1. Find the strands (runs of 3 or more DSSP E) located wholly in the range 1-115 whose residues include 2 or more that are buried (at least 20 other Cβ atoms within 10 Å of the Cβ), and list them.
2. Consider the range 86-130. How many of its residues are at pLDDT 60 or above and under 18 Å from residue 13 (Cα atoms)?
């Protein structure tokens, strides 16, 4: 796979995941470029859901949409509790959390990002500076 193809696939994965989150009304969507920090994945997407039901629905929607587009889903985790769940799609890892859990763990800070400043910016994902 060429570098351009890999970058195109990555951009498509991120766009599909963000659209799937927006479809189920995720809040505070954040896309981080993690390629400089780890060789394990290139992008991390973090979003909030208001309830366990919404967190589970968001993760399910992301996994279904990525798989329908031909991307592999390596695993999904956290669906039992629905407080913090994730989709591992290889180059992109998607975390969906309830707001209190997201505030407590503050994984944005661990990966060099900041929380979105808008209280409800699901329509326009905030992208961390490269």
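The values are calculated or read from the model by the stated rules, or taken from the named source; none is laboratory data. Predicted model only: the values in this text are computed from it and were never measured. We place every Cβ from the backbone using ideal geometry, glycine too, and count neighbours over all the protein chains shown.
1. Here the list reads 27-33, 43-48, 84-88, 92-97.
2. 11
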